[in-house]
Amino acid sequence: MTDGAHDMGGMHGFGAVATPGSERVSEHPWELRVFALSTLVGIERLGFGSGRAIREEMEPAHYLAAGYYERWLSSTEERVLRRGTIAEDELDAWVERIRTGEDVPVRRDPERARAAVDATTKSSPLAPAGSARFGVGEAVRVKRMRPAGHTRCPRYVRGVAGQVEAIRGLDALPDIGPYEGPDEPVYAVAFSSEALFGWSAESSWTVFLDLFESYLEPV
């Protein structure tokens, strides 16, 4: 996440937090189609870059006003345009044809659909981090930084000290590009609520974040 409107950790003013079990998956049928389309664009490598990183490029007022799946639709369109999978005039033409009620072609490919489902549901554990710089129980501090592009280091944790709780393994640093960065150890780091947000009348709690090694420094 760049330092933009989407980096909302620790901020006020966005309404009540939905408790587990109270949220709905979607409000409208088109939203599930957008989710499927975005997923397929990634699996089939039809789009450029990362959907998450491109969503972060949205104009802040548009980002905050847009619904969740509208943001996904915006980034999916931008990804296929940047890849050259579809030209902008083709996209505009299809928008107009759909707006006027024209029937759109339907393709049913059960084998490809099953392959796509398998690709989204299968995962493998991270490789062991044999050369980790920090050990379990060690105190670390998140570096103060102002990244110009995408990062997985949230703003509210920068400059705060915590403790390594576990070493997750090796993963590709996403700041450079999806699956393009060098492999780095990933750590589960524990932070106290007071260190992150200051004292409050609420009881103290612990926040756990998975952070790449290059985000951290020794205390």
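Only the coordinates and a few stated rules stand behind these numbers; no lab work does. These numbers come from a predicted model, not from an experiment. Here Cβ is always computed from backbone atoms with ideal geometry, including for glycine, and neighbour counts include all displayed protein chains.
Most tightly packed first, judged by the mean number of other beta-carbon atoms within 10 Å of their residues, the peptides 101-109, 83-91 read 83-91, 101-109.
Each residue of the range 131-147 was assigned a 3J(HN,Hα) from its phi angle through the Karplus expression (A = 6.51, B = -1.76, C = 1.60, θ = phi - 60°), giving 10, 5, 6, 10, x, 4, x, 7, 7, 9, 10, 6, 5, 7, 8, 10, x Hz with x at Gly and Pro. Rounded to the nearest 10 degrees, the inclination of helix 68-83 to the longest alpha-carbon principal axis of the chain is 70 degrees.
Taking the three principal axes of the alpha carbon atoms in the range 85-219, the coordinate ranges are 61, 38, 31 Å, sorted in descending order. Taking amide H as placed 1.01 Å from N in the peptide plane, residue 169 has its amide H under 5 Å from the amide H of 129, 186, each at least 5 places away in sequence or on another chain.
Relative to the current alpha-carbon distance between residue 126 and residue 145, full extension at 0.36 nm per residue lengthens the span by 4.2 nm. In terms of its C-alpha gyration tensor, the range 7-106 comes out prolate, because a/c is 1.5 or above and the ratio a/b outweighs b/c. If you line up the long axis of helix 88-99 against the longest principal axis of the chain, both from Cα atoms, how many degrees apart are they, to the nearest 10? Relative to the chain, helix 88-99 is tipped by roughly 70 degrees. Along the range 56-66 the Karplus relation, 6.51 cos²θ - 1.76 cosθ + 1.60 evaluated at θ = phi - 60°, assigns HN-Hα couplings of 5, 7, 4, 4, x, 5, 5, 4, 5, 7, 6 Hz to successive residues, with x for each Gly and Pro. Distance between the 7 Å Cα→Cβ label points at residue 45 and residue 94: 2.1 nm.
Note on residue 70 and residue 107: the model spin-label points, each 7 Å out from Cα along the C-beta direction, lie 3.0 nm apart.
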